[in-house]
Amino acid sequence: MPSQGKYAGSDVRSMTLQQLRYVTTIVDCGSMNEASHQLFVSQPALSKSVRDLEEEIGITIFSRSRQGITLTQDGSQFIAYARQICELADQLEDRYNGPQVRRQMCTISTQHYMFASEALAGLVRGHANNYEFRLRETTTRDIMDQVSSMRADVGILYLSSYNSEVITRELRSRGLRFHPLFRTNLHVFMSSLNPLSNRTSLSLSELSDLPFIRYEQGDTSSLFFAEEAVWPHHQTRVIDVSDRATMLNLIVAMNAFTICSGIDNNHDLNPKMIRTVPLKSRRHMLIGWIDSKRSRLSAAAHAYLKALRLVITAKGYELLPPTGVVE
């Protein structure tokens, strides 16, 4: 038999947005009487609506006395959810019930690349006023999850000889495609105060005494999801961070280093503080963008990818042919 609990079947479906607006307004006003005036609803009708809602969801939202009404503990929790729903409903109404202006929308989910944000900045500077872009710097797994669940239009990540098999398998399992953009050798970010920063190239062994900083990937990810394409062996000092600002600050403050693509060059950084030095390594990064086979890119997404290619070529990198899609 189907569940007959208080949240089963028609009970949940019969809860209305109007009821949620009623209870949040009562809380904001502090009294049923004042709320009825603001809502243009009679107080008996408002009271009945609230009681119907309480009976429907099986909790008491308000404690009633001669002194007035107060939220119960269950009511406080319920109001927190009700506010979120009302706010989302307001956003929907603002977007679709107001003047119908075509707003360009695009969400980019990316590993921590300066060129990704630089491309967005260049795009919006020359864009019309009506746009809504989102740029999320996040973990490798989140990038794939967000693109596959349509929470992001485009993802930006890399493949290497080490992670290619695993990442490609993950992409296929989610119905995603990898579109190569460019290849780059590995580089080191380090403090310009370190004498090693003046070298024309460095090996990992020469960096063994420095703290190594890497981007955290969460508890469930393996080294195949790391943003750093190589890692120093037997490193005794390792720091995980989640954002670029912290990464760059720690490199300077701790005389530390990280492994990067090299496209984040001194035009993006303050050369008096941080320098980029080529790393002696046979490994390289194939950086590209991913999308879902189940969706079509918006005009805004295409515009962003065009801006991204312009940034890459302006920095002296050769774009790979668009036919090299990995599915």
Note on the stretch 102-327, DSSP bridge orientation, antiparallel percent to nearest 5 equals 60 percent
Between the alpha carbon centres of the stretch 28-91 and the stretch 151-190 the gap in Å comes to 50 Å
So what's the angle, to the nearest 10 degrees on a 0 to 90 scale, between helix 43-57 and the longest Cα principal axis of the chain? 60 degrees
Hey, got the dipole for the stretch 102-327? About the Cα centre, +1 on K and R Cβ, -1 on D and E Cβ, debye to the nearest 20? 660 debye
Report the one residue of Ser173, Thr236, Ile263 whose Cα lies farthest in the direction of the positive end of the charge dipole of the stretch 162-269 (charges on C-beta: Lys and Arg +1, Asp and Glu -1; origin at the Cα centre). Ser173
Computed E for Ser14/Ser242 - FRET, C-beta separation, R0 51 angstrom, nearest 0.05: 0.75
Output ordering of 161-173, 194-206, 278-290 (per-residue mean of other Cβ within 10 Å, highest first) is 278-290, 161-173, 194-206
Rounded to the nearest 0.05, what FRET efficiency do Lys293 and Asn97 have when you use their Cβ-Cβ distance and R0 = 30 Å? 0.35
How big is the C-alpha Rg of the stretch 107-195 next to the rule-of-thumb value 2.2 N^0.38 Å, as a ratio? 1.28
Under a plain spin-label model, where a point goes 7 Å from the Cα along Cα-to-Cβ, how far apart in nm are Met254 and Arg183? 3.4 nm
Extension gain from Thr70 to Ile85, taking 0.36 nm per residue of separation minus the Cα-Cα distance: 3.3 nm
Any chance you could give the angle, 0 to 90 degrees and rounded to 10, that helix 114-125 forms with the longest Cα principal axis of the chain? 60 degrees
Using the Kirkwood radius over C-alpha pairs as Rh, can you work out the diffusion coefficient of the stretch 10-96 via Stokes-Einstein at 37 °C, viscosity 0.692 mPa s, in µm² per second? 246 µm²/s
Pairs of alpha carbons in the stretch 51-92 whose separation is greater than 11 Å (percent): 68 percent
Using Cα atoms only, what is the angle between the long axis of helix 17-29 and the major principal axis of the chain, expressed in degrees (0 to 90) to the nearest 10? 90 degrees
Normalized C-alpha radius of gyration of the stretch 19-64, against 2.2 N^0.38 Å? 1.03
For the chain, what log10 I(q)/I(0) values come out of the Debye formula at q = 0.08, 0.13 1/Å, with one point per alpha carbon and no solvent? -0.57, -0.96
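Every number here is computed from the coordinates shown, using simple stated rules; none is lab data. Because the structure is predicted, anything quoted here is derived from the model rather than measured. Here Cβ is always computed from backbone atoms with ideal geometry, including for glycine, and neighbour counts include all displayed protein chains.
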